[in-house]
Amino acid sequence: MKRATTLSIGALALGAMTLPASAADLGARPITKAPVAAPPPIFSWTGCYIGGNLGGKWGDFSGDVNVTSVPVVLPNGAVIAFSDNNNGNNGSFMGGGQIGCQWQVGNWVWGIEGDGDATNLKRDFVFLNDVFPFVAGDAFRFENNWQASVRGRLGYAFDRWMVYATGGVAFANLEATAALVGLPIFQVDKTLTGWTIGGGFEYAFTNNFSLGVEYRFSKFDTDQFGFGPTVLPLAINGFIANSDLETHEVTARLNYRFNLFGPY
């Protein structure tokens, strides 16, 4: 009897000693955590793009006509400024396209862009009175039908938003027409060179497409349009029309970006 009691007490003691160890084993089991989602990739403006633009353009034409020589009555020639009594299309719709590349370093975005647009900007200068050797009704028209530019860009990005400044060299055609009473119409077409500066903002609503608005001011060098004596027979060397062109433009722009430099 004593032996059985002793064995029972030993078994109970052994069981009591194993309970803490089992509890410790249960508490040491690792807790499984839900996987942490990877953060979304940071958007970058680095890449090349191509796009289109549409907007409005306003121009300011000025100039004069230089009659080189008329025997006896005007031996030294004359310079006649274009009068403000004129008419024409000082504003015009414009539309075209652009292509460029840019690189983002931190928040700064550096780039280069070229663009080309069709326009319909024109101005008529009409003589309202006789101003020898011209007569009332004689007219000059200056018309700008296209423009282009190559520019640098410097922007600052706020994730998918970017503000930027831009500037560079600009080109524009200018067609001069002399419509003199009783004489054939004569035209001279030239390409003007100048400079352009402006700025804008852009928003990337997807990784590939962005939408923006841009303003630019352009000034082109004064150029001469020579009309020979076949146009104004009294002039030995004909005459020269000088014109100066400045433009303002605002365009909406849509670009498609190519991912040429790795993932966004």
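The values are calculated or read from the model by the stated rules, or taken from the named source; none is laboratory data. A quick note: this is a predicted structure, and the numbers were derived from the prediction, not measured. Quick reminder, even Gly has a Cβ in these numbers, built from the backbone with ideal geometry, and neighbours come from all protein chains shown.
Among the residues of the range 103-118, are any under 23 Å from residue 243 (Cα atoms) and touching a residue at least 60 places away in the same chain (Cβ under 8 Å)? Checking the range 103-118: at least one residue is under 23 Å from residue 243 (Cα atoms) and touching a residue at least 60 places away in the same chain (Cβ under 8 Å).
For the range 72-94, filtered to residues that are of a type outside the set (Val, Ile, Thr), exposed (fewer than 15 other Cβ atoms within 10 Å of the Cβ) and not in a loop (DSSP other than H, G, I, E, B), the residue that is modelled with the lowest pLDDT is 87. The C-beta contact set for the range 54-65 (first residue under 17 Å from residue 97 (Cβ atoms) and among the hydrophobic types (A, V, I, L, M, F, W, C), second residue surrounded by fewer than 21 Cβ atoms within 10 Å (Cβ to Cβ) and at pLDDT 80 or above, distance under 6 angstrom, 6+ apart or interchain) comprises 54/95; 54/252.
When you go through 100, 47, 55, 114 one by one, which is the residue that is under 30 Å from residue 159 (Cα atoms), at pLDDT below 95 and under 17 Å from the mean Cα position of the chain (by Cα)? Matching residue, one of 100, 47, 55, 114: 47.
Only a single criterion out of (1) part of a strand (DSSP E or B); (2) closer than 16 Å to residue 47 by Cα is not satisfied by residue 116, namely (2). Being within 20 Å of residue 109 (Cα to Cα), surrounded by fewer than 14 Cβ atoms within 10 Å (Cβ to Cβ) and either at pLDDT 90 or above or out of contact with any strand residue (DSSP E or B) (no Cβ under 9 Å at 6 or more places or on another chain) (or both) is true of residue 205.
The sole residue among 166, 251, 177 that is in contact with a strand residue (DSSP E or B) (Cβ under 6 Å, 6 or more places away or on another chain), assigned to a strand (DSSP E or B) and modelled with pLDDT under 90 is 177.
Among the conditions (1) modelled with pLDDT of 95 or more; (2) over 28 Å from residue 173 (Cα atoms); (3) surrounded by 15 or more Cβ atoms within 10 Å (Cβ to Cβ), residue 108 misses just one, which is (3).
Only a single item in (1) free of Cβ contacts under 8 Å to residues at least 12 places away in the same chain; (2) surrounded by 14 or more Cβ atoms within 10 Å (Cβ to Cβ) is not met by residue 176, and it is number (1).
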